[in-house]
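The structure under discussion appears below in the form of structure tokens.
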Amino acid sequence: MRFCAISAFVHPNHLLELAPVAEEHGWDTLAISDHVLHPETIESRYPYGEDGSRMWDEKTPWPDVWVATGMMAAITKKLRFFQSVYVLPMRDPFHVAKAIGTVAVMSNYRISLGLGLGWMRDEFELLGRPFEQRGARTDEMIDVMRKLWTGEYVEHHGRFYDFPRLSMSPGMEEDIPVIVGGISDAALRRVARLGDGWAPAYLTIDQVAEKVAQIKRYQEEYDRSGHPLSVYTTCIDATGLDDFRRMEEIGVTDLMAVPWTLYDEGLDWLDPTGSPLPKMIDSLKRFADDIIAKF
């Protein structure tokens, strides 16, 4: 099992301090989250909150995913980077492919694309992207980006994107893994049909096991039986070493964790001004000693 530290809501100034510590102490990956805008008033309900409200406010930082990743990659050697998750259909495939490809090449391919469809219609509308079509657009965007990453002349004639022969340079010398978020049946089918991995949230260990088996059945339907399947997640009923070992047994390849929430109950990780850097660094080290070293 590999270990991924979640850096959601962390102040950008802290990221450059935390990344080298994570690398030095055995963490494999650092995950960064994504939003572009924070509307003061929104109509969309946050799907992971009981009352539909967001758990963050206008002070919560959301650094640009690719700028932050590039800067952290420049000061590390082995640490990989992941997005939990990047809202792909709010963008266009050309700029995204260029940004990801640039970071991939310059980091020696220490990057995966963790994508999600998004939930905030208000943000889509502000960015001029259709919310209802985000699933179909995501599928086609993955196809377009993989073509562009070859570096060869390619063309595409689809529902949303239609272009003649063109190329994007530099081309990729290694594949960029595509990890798909979501827990709906459509999301599981997207993983099986197009993805290299799955990133669910807010599930129990048993639920993850059930859906991993379902993805593998869908892979057979799409003639992708045996295609490698990474699973990036944390489970709501996993609290210690025995639970983490069980997660590994059911197919979780990358355990995601927010270590500073485990060792300091008084730490307000949603408040960037209330997250003392020394405590966060200490939490990375303690988790490495308590959990990572035992794997």
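Quick note: the coordinates plus some simple rules give every number you see, no bench work behind them. Only a predicted model underlies this, so the values are computations on that prediction, with no experimental measurement involved. All Cβ positions, even for glycine, are placed from backbone atoms using ideal geometry, and neighbour counts span all protein chains on display.
At-a-glance table
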item: Cα gyration tensor, segment 1-80 - rounded (a/c under 1.5), prolate or oblate; result: prolate
item: Rough spin-label spacing in nm, given labels placed 7 Å along Cα→Cβ, for Asp57 and Asp92; result: 3.7
item: Virtual spin-label span in nm between Asn13 and Thr41, 7 Å along Cα→Cβ; result: 3.4
item: The chain: angle of helix 185-194 to the longest principal axis, Cα-based, in degrees nearest 10; result: 70
item: Under 29 Å from the Cα of Lys285 - lysines, other chains or at least 8 residues apart; result: Lys59, Lys77, Lys78, Lys294
item: Largest to smallest principal axis extent of the C-alpha atoms in segment 181-258, angstrom; result: 37, 21, 18
item: Charge dipole (debye, nearest 20) of segment 1-126; +1 at Cβ of Lys and Arg, -1 at Cβ of Asp and Glu; result: 680
item: Rounded tilt (10° steps) of 277-290 against the dominant C-alpha axis of the chain; result: 90
item: Calculated SAXS-style log₁₀ I(q)/I(0) at q = 0.19, 0.20, 0.28 Å⁻¹ - segment 61-123, Debye, Cα scatterers; result: -0.72, -0.79, -1.33
item: Thr239 versus Asp290: modelled label distance in nm, points set 7 Å from Cα along the beta carbon direction; result: 1.2
item: Positive-end residue of Pro93, Tyr202, Leu37, charge dipole of the chain with Cβ unit charges; result: Pro93
item: Crossing angle, helix 93-106 versus the chain [Cα axis fit, 0-90 degrees, rounded to tens]; result: 50
item: Descending semi-axes in Å of the chain, equivalent ellipsoid built from Cα gyration tensor; result: 29, 22, 21
item: Segment 28-66 versus segment 115-138: alpha-carbon centroid distance in Å; result: 14
item: Average Cα contact separation per residue, the chain, under 8 Å, 6 or more apart, as relative contact order %; result: 20
item: Stretch in the chain that is longest and holds no GluC sites (Glu not before Pro) that DSSP places in a loop and that have at most 11 other beta carbons within 10 Å; result: 175-264
item: The chain, dipole about Cα centre (Lys/Arg Cβ +1, Asp/Glu Cβ -1), debye to the nearest 20; result: 760
